[in-house]
Amino acid sequence: GAAAPAPAPREQEPAARPAAQVDWAALLAVVWAAGAAVYLLAQLGVYAAFLAGLRRSRRPLRDETALAAAREAFGGPLPVYESDRAASPMLVGLLRPALYLPEGLPRAALRYILPHEARHKRAWDVPYQFLLTLAQAVQWYNPAAHLLAHRARADMELACDEAVLRGRDTAYRQAYG
């Protein structure tokens with residue numbers, strides 16, 4: 001009854017290395033942040049180029065009657081410029097708003113334009129536009145965010161029109177339209 005010889009120790013197989021695991025949450029966060037940054041930088045770049053074009057082509061309005069009407073509508077002084085790059089009257093500038101008018105705009109139209117643009121200023125529509133752009137950047141991947149921002153901008157215009165036309169007679173409303 002001799003004991004059987006002990007089997008020779010086997011070399012252990014190396015332990016299988018776990019498959020590389022992807023941290024999907026971190027990857028999605030990086031993709032989201034990159035998309036938001038690209039969207040925001042693109043929008044700021046387009047806006048900066050637009051402003052640069054406006055500034056290069058602007059000429060200060062010199063018509064004292066029109067400037068007095070603008071001061072009255074806005075409740076104080078406001079830079080007013082004419083530009084061939086302004087397709088329509090617009091209030092531009094977050095920190096220092098200025099009114100841009102298309103070149104050759106009939107001065108009689110200011111009767112309708114100034115109250116509309118002044119309403120944009122009183123309603124803080126320019127800062128609101130920037131907030132909409134930030135919301136679009138955060139939701140850059142979501143088509144609904146872009147649709148809603150587009151609708152909000154259209155609603156801002158309609159709200160200004162409504163405010164200007166409130167209490168006006170039919171003749172003014174027709175001329176405004």
ask   = Among (i) 125, 36, 24; (ii) 49, 39, 32; (iii) 61, 38, 28, which is the computed Cα extents along the principal axes in Å?
value = (i)
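About its Cα centre, how strong a charge dipole does segment 113-165 have in debye, to the nearest 20, once Lys and Arg get +1 and Asp and Glu get -1 at the Cβ?
On the way: 5 positive and 6 negative charges, 29 e Å.
Dipole magnitude for segment 113-165 comes out near 140 debye.
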ask   = Ignoring ligands, DNA and RNA, what accessible area per residue does the chain give at 1.4 Å, in Å²?
value = 70
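How high is the relative contact order of the chain, in percent, counting Cα pairs under 8 Å that sit 6 or more residues apart? Show your work: numbers first, answer last.
Values: 135 pairs, mean separation 30.8, N = 177.
Value for the chain: 17 percent.
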message = Nearest 500 deg cm²/dmol is fine: what mean residue ellipticity at 222 nm does the chain get from its DSSP H runs of n ≥ 4 alone, each adding -39,500 (n - 2.57), divided by its residue count?
response = -19500 deg cm²/dmol
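Give me the extension gain from residue 31 to residue 146: residue separation times 0.36 nm, minus the current Cα-Cα distance, reported in nm with one decimal.
Gain on extension, residue 31 to residue 146, equals 39.5 nm.
Please give the charge dipole size of the chain, origin at the Cα centre, charges +1 on K and R Cβ atoms and -1 on D and E Cβ atoms. Round to the nearest 20 debye. Walk me through the numbers on the way to the answer.
Working: 20 positive and 16 negative charges, 112 e Å.
Here the size comes out at about 540 debye.
Rounded to the nearest 0.05, what FRET efficiency is calculated for residue 48 and residue 163 with R0 set to 30 Å and r the Cβ-Cβ distance? Mind dumping the intermediate values first?
Details: r = 30 Å, r/R0 = 1.01.
So the FRET efficiency works out to roughly 0.50.
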Share of carbon and sulfur in the accessible heavy-atom surface of the chain [1.4 Å probe, %] = 61
task = Putting +1 on Lys and Arg Cβ atoms and -1 on Asp and Glu Cβ atoms, find which of 148, 171, 92 reaches farthest to the positive end of the dipole of the chain.
result = 171
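Taking R0 as 35 Å, what FRET efficiency do you get between residue 172 and residue 84 from their Cβ-Cβ distance, rounded to the nearest 0.05?
On the way: r = 29 Å, r/R0 = 0.84.
Here the calculated transfer efficiency is 0.75.
The values are calculated or read from the model by the stated rules, or taken from the named source; none is laboratory data. Note that the structure is predicted; figures quoted are calculated from it, not measured. Cβ coordinates were reconstructed from backbone atoms using ideal geometry, including for glycine residues, and neighbour counts include every protein chain displayed. What goes into the accessible areas is simple: the full protein's heavy atoms, side chains included, and nothing from ligands, DNA or RNA. Shrake-Rupley method; radii C 1.70, N 1.55, O 1.52, S 1.80 Å.
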